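Take a look at the structure set out below.
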Amino acid sequence: MTMELDCIFCKIVNKKIPASILFENDTVLAFRDIEQKAPEHILVIPKAHVPSIMDQSLARDTGIWDAVLDAIQTIAKDLNLDTNGFRVVNNMGLHGGQTVDHLHFHVLGGRQMNWPPG
Ligand code: AMP
């Protein structure tokens, strides 16, 4: 599995720094965002170091997409977010507001979300 030594999310995957982990399997990890933007704010990441949603390594046959979807559905059910709804966000690149260059999906819920996000 590809890892980057100076990547904060790779360090979380390798348990070098702590995180509040909600879900884990061979392919993905989900943990609470350190800066909660909603009552529930979880990040779902591939364990492999994939820099962004545009990365060529993100082929459909890697199993990453299926694993991310499974994790999102499991978390939404476990936290009862599926009843009232929730939001999934991926920020890509400079204009997208991506600050950590390891692919991650924000799962936000527990309050009414606004649109557009700004
Ligand atoms: P983005 O701005 O979309 O790249 O999202 C990166 C997210 O990672 C932000 O919401 C940060 O609060 C979050 N984050 C950064 N460092 C950590 C960490 N050590 N543990 C949990 N979340 C983090």
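Restricting to the stretch 24-40, name every residue that is within 14 Å of the ligand (Cβ to nearest atom) and either touching a Cys at 6+ places or on another chain (Cβ under 7 Å) or not polar (S, T, N, Q) (or both).
Of everything in the stretch 24-40, those that are within 14 Å of the ligand (Cβ to nearest atom) and either touching a Cys at 6+ places or on another chain (Cβ under 7 Å) or not polar (S, T, N, Q) (or both) turn out to be Leu29, Ala30, Phe31, Arg32, Asp33, Ile34, Glu35, Lys37, Ala38, Glu40.
Name the residues in the stretch 61-101 that are open to solvent by 50 Å² or more (accessible area, probe 1.4 Å), touching an Asp or Glu at 6+ places or on another chain (Cβ under 9 Å) and part of a helix (DSSP H, G or I), would you?
Passing the criteria: only Gln73.
Taking the stretch 68-100 as the search range and keeping residues that are small (Gly, Ala, Ser) and away from the ligand (no atom under 16 Å from the Cβ), which one is farthest from Pro46 (Cα to Cα)?
Looking at the filtered set, the residue picked out is Gly85.
Looking only at the stretch 35-53, filter to residues that are hydrophobic (A, V, I, L, M, F, W, C) and under 21 Å from Val13 (Cα atoms); which one of those is surrounded by the most Cβ atoms within 10 Å (Cβ to Cβ)?
It comes out as Ile42.
The values are calculated or read from the model by the stated rules, or taken from the named source; none is laboratory data. Remember, predicted model here, so these are calculated numbers, not experimental data. Glycine gets a Cβ as well: all are built from the backbone with ideal geometry, and neighbour counts include every protein chain shown. Keep in mind that these areas ignore ligands, DNA and RNA; they rest on the heavy atoms of the full protein, side chains included. Shrake-Rupley method; radii C 1.70, N 1.55, O 1.52, S 1.80 Å.
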